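Worksheet: the structure to be examined is printed underneath.
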Amino acid sequence: MADKLIIFDTTLRDGEQSPGASMTRDEKLRIARQLERLKVDVIEAGFAASSNGDFESVKAIAQAIKESTVCSLARANDRDISRAAEALHGGASTRIHVFLATSALHMEKKLRMTPDQVFEQAKQSIRFARNLSGDVEFSPEDGYRSDPDFLCRVLEAVIAEGATTINIPDTVGYAIPELYGNFILDLRRRIPNSDKAIWSVHCHNDLGMAVANSLAGVKIGGARQVECTINGLGERAGNCALEEVVMAVRTRRDYFGLDLGIDATQIVPASRLVSQTTGFVVQPNKAVVGANAFAHASGIHQDGVLKARDTYEIMRAEDVGWATNKIVLGKLSGRNAFKQRLSDLGIELASESEVNAAFAKFKELADRKSEIFDEDITALVMDESVTAEQEHFRLLALSQHSEMGERPHATVAFAAGTDEFHADSDGNGPVDASLKAIESKVQSGAELVLYSVNAITSGSTESQGEVTVRLQLGGRVVNGVGADPDIVVASAKAYLAALNKLHSKNERVAAQG
Ligand code: KIV
Ligand code: ZN
């Protein structure tokens, strides 16, 4: 029997560290449920001690998820580890992931600790964590740039204390595939008790090699766990992309000889959900999940694929879930059909009143748009008026007038808590006028650093527009996403969604830095 490769998804922890990608508890729960459908082995749900919001998210995910192991990150101290254990308490299968930097640079400049102090702290923290959980992972942060002799000393000691997984982060994306693979192989050969733990890879994409490095860690180094994120989400250039690693190992089973527990047909739905939730658009030519990944434009390719698929295709679009992009409901669909579709999509709304609110939104949309796709339904339930999470800023009404040669004008009504505001403004275009109208009352002072519009479903101008707005204020960066067939309305929703994120003062401790 082939070895199994464990897929450890960290979209909700390392992915979320990407500026602007912060998610609410309900958004994280929805993504965790999709990751469970994807059958990832481990879901890193967050960093419980970093903020109350993260604690609550880890807790909710640990309670809800039954098929995947739920993990929380923790710094190597008793408080963080206890907080992780508390958040995970009662979960079906849980893991505590402890990290401590081991590179000379990080120890001296960031931790201001000597190597001996780091050694002791690593040992003690794993001993403490093992008293609270049977499943404990240790990551020497900036491991790849650490002195191999020191790393061997620390890793041997933490394995002796009971660490069950040893993860080697390439925290700054500095590795080269062959070197990283051999680095791990060397550690495994030199550490006498290395066979008592599962070895794991965790690569960042600064040089565009996160996937290649991870695969080398598996093939050359013998790692049996890959840490990755959906769409490669993550700070700077991102993390290793789950969909690429999974499809590489699956498509080239002849080379890797490894089994995976993943249900690949859930890859595209997961990619869409993460993109819609965070506002991080997937580039069209992105492997596996990009809109063009299976589109053959040239005549020669099209002809070849029609004659025999495998002339130009090494994977089938439907195997990674592209077939789900179909018309699912229409104007005449009833509440039961709608509810069934929500359940097929794995969307669990908290109460019947949320289902009713979502159904009312669906009917409204079906009146304006004849074909409703799965993506429309996902966008619709993300609308703050559907979920129980009552947002501070809510759009109530918007009208705008634009005529060629005239300056556009917008009037916007919105709620802020229990107050209602009416504002109007001119602008360079109707979107500019609407956002200026909102800002004239809110006076957030935030800088608009990104504005983008995408069609939720491709191919027609009837599609809903999905707008992402990124705001920056005093060092904080937040994304807001809004969807509507009217892109001016979608823009106002996105702007208010971003203001809501700025409004929730959920400050957290960063895992790195
Ligand atoms: O990149 C990194 O070093 C990490 C650790 C906290 C595991 O994300
Ligand atoms: Zn990382």
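The values are calculated or read from the model by the stated rules, or taken from the named source; none is laboratory data. On a predicted model such as this, the values are computed, not experimentally measured, just so you know. Cβ: placed from backbone, ideal geometry, glycine included. Neighbour counts: every protein chain shown. In case anyone asks, the SASA skips ligands and DNA or RNA and just uses the protein heavy atoms, side chains included. Shrake-Rupley method; radii C 1.70, N 1.55, O 1.52, S 1.80 Å.
Going by the structure shown, is Met404 open to solvent by 20 Å² or more (accessible area, probe 1.4 Å) and in contact (Cβ under 8 Å) with a residue 40 or more places away in the chain?
Details: open to solvent by 20 Å² or more (accessible area, probe 1.4 Å): yes; in contact (Cβ under 8 Å) with a residue 40 or more places away in the chain: no.
Spelling it out, it is not the case that Met404 is open to solvent by 20 Å² or more (accessible area, probe 1.4 Å) and in contact (Cβ under 8 Å) with a residue 40 or more places away in the chain.
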Legend entry - For Ala455: the one exception among (1) touching a strand residue (DSSP E or B) at 6+ places or on another chain (Cβ under 6 Å); (2) open to solvent by 20 Å² or more (accessible area, probe 1.4 Å); (3) closer than 19 Å to Val274 by Cα: (1)
Legend entry - Pair list, Cβ < 6 Å and 6+ apart or interchain, from segment 243-265 residues that are in contact (Cβ under 8 Å) with a residue 24 or more places away in the chain to residues that are crowded, with 18+ Cβ neighbours inside 10 Å and hydroxyl-bearing (Ser, Thr, Tyr): Val245/Ser214
Inset, instruction - Might you check whether a residue that is within 11 Å of ligand 1 (Cβ to nearest atom), of a type in the set (Lys, Arg) and either under 23 Å from Lys4 (Cβ atoms) or crowded, with 18+ Cβ neighbours inside 10 Å (or both) occurs anywhere in segment 139-152? - result: yes
Inset, instruction - Can you tell me which residue within segment 234-277, out of those that are open to solvent by 10 Å² or more (accessible area, probe 1.4 Å) and within 16 Å of ligand 2 (Cβ to nearest atom), is nearest to the chain's Cα centre (by Cα)? - result: Glu235
Legend entry - Residues satisfying the stated conditions in segment 1-21, i.e. within 16 Å of ligand 2 (Cβ to nearest atom) and either farther than 18 Å from Gln266 by Cα or part of a loop (DSSP other than H, G, I, E, B) (or both): Thr10, Thr11, Leu12, Arg13, Asp14, Gly15, Glu16, Gln17, Ser18, Pro19, Ala21
Inset, instruction - Kindly indicate whether any position in segment 379-394 is modelled with pLDDT of 95 or more and open to solvent by 60 Å² or more (accessible area, probe 1.4 Å). - result: no
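Okay, residues lined up against (1) assigned to a loop (DSSP other than H, G, I, E, B); (2) within 28 Å of the chain's Cα centre (by Cα); (3) modelled with pLDDT under 80:
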residue	(1), (2), (3)
Met315	yes, yes, no
Asp319	no, yes, no
Ser333	yes, no, no
Leu342	no, yes, no
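Please note which helices (runs of 4 or more DSSP H) are completely contained in segment 24-99 and include at least 2 residues that are within 16 Å of ligand 1 (Cβ to nearest atom) and open to solvent by less than 20 Å² (accessible area, probe 1.4 Å).
On the way: elements: 25-37, 52-64, 78-88.
Because the criterion is at least 2 residues that are within 16 Å of ligand 1 (Cβ to nearest atom) and open to solvent by less than 20 Å² (accessible area, probe 1.4 Å), the helices (runs of 4 or more DSSP H) in segment 24-99 that meet it are 52-64, 78-88.
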Legend entry - Subset of segment 172-200 (residues that are within 11 Å of ligand 1 (Cβ to nearest atom) and buried (at least 24 other Cβ atoms within 10 Å of the Cβ)): Ser200
Inset, instruction - Evaluate the following for Ala287: is it small (Gly, Ala, Ser), more than 16 Å from ligand 2 (Cβ to nearest atom) and either under 30 Å from Asn479 (Cα atoms) or out of contact with any Phe, Trp or Tyr (no Cβ under 8 Å at 6 or more places or on another chain) (or both)? - result: yes
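Name the single residue, out of those in segment 494-505 being touching a residue at least 24 places away in the same chain (Cβ under 8 Å) and surrounded by fewer than 24 Cβ atoms within 10 Å (Cβ to Cβ), that is nearest to the chain's Cα centre (by Cα). Steps first, please.
Taking segment 494-505 and keeping what is touching a residue at least 24 places away in the same chain (Cβ under 8 Å), we get 494-504.
Next, only the ones that are surrounded by fewer than 24 Cβ atoms within 10 Å (Cβ to Cβ) stay: 500-504.
Values: Asn500: 19, Lys501: 17, Leu502: 19, His503: 22, Ser504: 20 Å.
By that ranking, first place goes to Lys501.
If you scan segment 467-493, which residues turn out to be of a type outside the set (Gly, Ala, Ser) and open to solvent by less than 30 Å² (accessible area, probe 1.4 Å)?
Filtering segment 467-493 down to residues of a type outside the set (Gly, Ala, Ser) leaves 467-473, 476-479, 481, 484-489, 493.
Within segment 467-493, Val467, Thr468, Val469, Leu471, Val478, Asn479, Asp484, Val488, Val489 meet the criteria.
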Legend entry - Single residue of Asn213, Asn205, Asn231 found to be within 16 Å of ligand 2 (Cβ to nearest atom), open to solvent by less than 50 Å² (accessible area, probe 1.4 Å) and closer than 30 Å to Glu161 by Cβ: Asn213
Legend entry - Single residue of segment 2-20 satisfying the filter (among the hydrophobic types (A, V, I, L, M, F, W, C) and in contact (Cβ under 8 Å) with a residue 60 or more places away in the chain) that is nearest to ligand 1 (Cβ to nearest atom): Phe8
